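What follows is a set of notes on a single structure, which appears directly below.
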Amino acid sequence: MGAPIKIFRLFSYQPCGHELLVRVVRPAASNADQGALDAADDVADSAAEQLCTWWEQQRLQPECPHRHTPSLVAEMQEEPVGEDLFGLGRPRLGVWAAKTKYGAPWMVLGTASTEAEFWQQVEDDSALLALGPLAPAELRDVCFLTDEDAPSSRQS
Ligand SMILES: [Zn+2]
């Protein structure tokens, strides 16, 4: 039985460059059961979509009534650097993002006060090193939203 995993997805909204980072949980599923794996992927995908839709309608549109096109710029399925991305969402957060040798959209994400501190923590973490992160990391200014942020306050 595979364990549940946290999935991070970073979207960039063109033409303005607004950035939304979502965290959702992909439920546990047996690695031997492709149907169960697909179903777990669907749960994570639809949770991420719901967060994006809520944010677009409730936060983005009122502030910037453009027509926006989102694109996926980063995905990570490992535990990130720092504490912030384990907590609840927040309207603004500076997040370091480093590309990996596996190419887009795979990135290593995390929070740290400096880039040097970010890399120091990546180097202490074998799971993150296994992702093949590539310097430099870029500091991105994102809105962070999770599937644990009070659902009632997200409905309208
Ligand atoms: Zn905009």
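Values in this text are rule-based calculations from the coordinates and carry no lab data. A quick note: this is a predicted structure, and the numbers were derived from the prediction, not measured. Virtual Cβ from ideal backbone geometry, glycine too; neighbours counted across all protein chains shown.
Any chance the range 10-32 includes a residue that's part of a helix (DSSP H, G or I) and within 16 Å of the ligand (Cβ to nearest atom)? No, the range 10-32 contains no residue that is part of a helix (DSSP H, G or I) and within 16 Å of the ligand (Cβ to nearest atom).
Would the range 126-135 turn up any residue that is closer than 15 Å to PHE8 by Cα, surrounded by 12 or more Cβ atoms within 10 Å (Cβ to Cβ) and either away from the ligand (no atom under 16 Å from the Cβ) or not aromatic (Phe, Trp, Tyr) (or both)? Checking the range 126-135: at least one residue is closer than 15 Å to PHE8 by Cα, surrounded by 12 or more Cβ atoms within 10 Å (Cβ to Cβ) and either away from the ligand (no atom under 16 Å from the Cβ) or not aromatic (Phe, Trp, Tyr) (or both). Scanning the range 91-110 for residues that are farther than 8 Å from ALA74 by Cβ, assigned to a strand (DSSP E or B) and either of a type outside the set (D, E, K, R) or touching a Cys at 6+ places or on another chain (Cβ under 9 Å) (or both) yields PRO91, ARG92, LEU93, GLY94, VAL95, TRP96, ALA98, THR100, VAL108, GLY110.
Of the residues GLU56, GLU49, GLU78, the single one that is away from the ligand (no atom under 13 Å from the Cβ), among the acidic types (Asp, Glu) and in a helix (DSSP H, G or I) is GLU49. Checked against (1) among the polar types (S, T, N, Q); (2) under 19 Å from the mean Cα position of the chain (by Cα); (3) within 16 Å of the ligand (Cβ to nearest atom), GLN61 meets all criteria but (2). Filtered by the rule that a residue be part of a helix (DSSP H, G or I) and either under 17 Å from the mean Cα position of the chain (by Cα) or touching a residue at least 40 places away in the same chain (Cβ under 8 Å) (or both), the range 111-136 gives PHE118, GLN121, VAL122, ALA127, LEU128. The single condition from (1) without any contact (Cβ under 8 Å) to a residue 60 or more places away in the chain; (2) closer than 25 Å to THR111 by Cβ; (3) touching a helix residue (DSSP H, G or I) at 6+ places or on another chain (Cβ under 6 Å) that VAL24 fails is (1).
Among the residues of the range 82-105, are any in contact (Cβ under 8 Å) with a residue 12 or more places away in the chain, surrounded by fewer than 14 Cβ atoms within 10 Å (Cβ to Cβ), within 16 Å of the ligand (Cβ to nearest atom) and of a type outside the set (Ser, Thr, Tyr)? Checked against the condition, which is being in contact (Cβ under 8 Å) with a residue 12 or more places away in the chain, surrounded by fewer than 14 Cβ atoms within 10 Å (Cβ to Cβ), within 16 Å of the ligand (Cβ to nearest atom) and of a type outside the set (Ser, Thr, Tyr), the range 82-105 yields at least one hit.
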